[in-house]
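Working notes, beginning with the structure itself.
The values are calculated or read from the model by the stated rules, or taken from the named source; none is laboratory data. For clarity, every value in this text was computed on a predicted model and none was experimentally measured. Note: ideal-geometry Cβ built from the backbone for every residue, glycine included; neighbour counts use all protein chains shown. Keep in mind that these areas ignore ligands, DNA and RNA; they rest on the heavy atoms of the full protein, side chains included. Shrake-Rupley method; radii C 1.70, N 1.55, O 1.52, S 1.80 Å.
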Amino acid sequence: MTYISWFNEHALKHKTIVDKLLKNGLSKEAIVDYFDFDNMVKEEKDFCLLYQDNKKCHDMDSLNCYLCACPHFRFNDTGRVEGSKIKFSHCSIDSKYGSFFENDNKLHQDCTKCEIPHKKSYILKHFDYDFKKIMKDCSSF
Ligand code: SF4
């Protein structure tokens, strides 16, 4: 699966849920709370492959899935040559919690140790009902 196809598919799932919650009259904060992992794993099983195993992508007590993907994530499905490597994704803020997966000189951003976009306070600070608006710069690498 390419980054862009995952991105578009995920944005659609996100929009479907947010539209439903808005129709039910939920506030901005209630919508963010709805995306808490413990609730999503019960209510929105198709949102993330990990839900079927009740598994979190990050080892956090309170993990929020509203900003799965990250506004700082940058991807390019064709890759960019950097010396002897080809980079397909990176972190635009060079988070100290981020690193790279490397395979066959291909570099992909590794966010597994970074909790930045999964905290409720961060989500409320960068909030928009439209997932693609929050992620508008992600495909600009
Ligand atoms: S390392 Fe952290 S801040 Fe950077 S793209 Fe990944 S999740 Fe976002």
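Restricted to region 89-134, and to residues there that are within 11 Å of the ligand (Cβ to nearest atom), under 26 Å from K28 (Cβ atoms) and of a type in the set (A, V, I, L, M, F, W, C), the residue that is most open to solvent (accessible area, probe 1.4 Å) is I93.
May I ask you to verify whether S121 is over 20 Å from F37 (Cα atoms) and out of contact with any strand residue (DSSP E or B) (no Cβ under 7 Å at 6 or more places or on another chain)?
Criteria not met by S121.
Within the set R74, R80, the sole residue that is open to solvent by less than 40 Å² (accessible area, probe 1.4 Å), out of contact with any helix residue (DSSP H, G or I) (no Cβ under 9 Å at 6 or more places or on another chain) and in contact (Cβ under 8 Å) with a residue 24 or more places away in the chain turns out to be R74.
Yes/no per residue for (1) of a type outside the set (S, T, N, Q); (2) modelled with pLDDT under 95:
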site: G83; (1), (2): yes, yes
site: F88; (1), (2): yes, no
site: S92; (1), (2): no, no
site: N103; (1), (2): no, yes
site: K106; (1), (2): yes, no
site: Q109; (1), (2): no, no
site: K113; (1), (2): yes, yes
site: H118; (1), (2): yes, no
site: Y122; (1), (2): yes, no
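Of the residues in region 68-88, how many are at negative phi and more than 8 Å from the ligand (Cβ to nearest atom)? Here the count works out to 13. Which residues, taken from region 36-56, are among the aliphatic types (A, V, I, L, M) and surrounded by 13 or more Cβ atoms within 10 Å (Cβ to Cβ)? Hits for region 36-56 are M40, V41, L50. Region 28-135 holds strands (runs of 3 or more DSSP E) entirely within its bounds, and those carrying 1 or more residues that are more than 21 Å from S5 (Cβ to Cβ) map to 73-82, 85-91, 99-103. Name the residue that is farthest from G98 (Cα to Cα), counting only residues in region 57-71 that are open to solvent by 60 Å² or more (accessible area, probe 1.4 Å) and in contact with a helix residue (DSSP H, G or I) (Cβ under 8 Å, 6 or more places away or on another chain). Restricting to residues being open to solvent by 60 Å² or more (accessible area, probe 1.4 Å) and in contact with a helix residue (DSSP H, G or I) (Cβ under 8 Å, 6 or more places away or on another chain), the top hit is S62.
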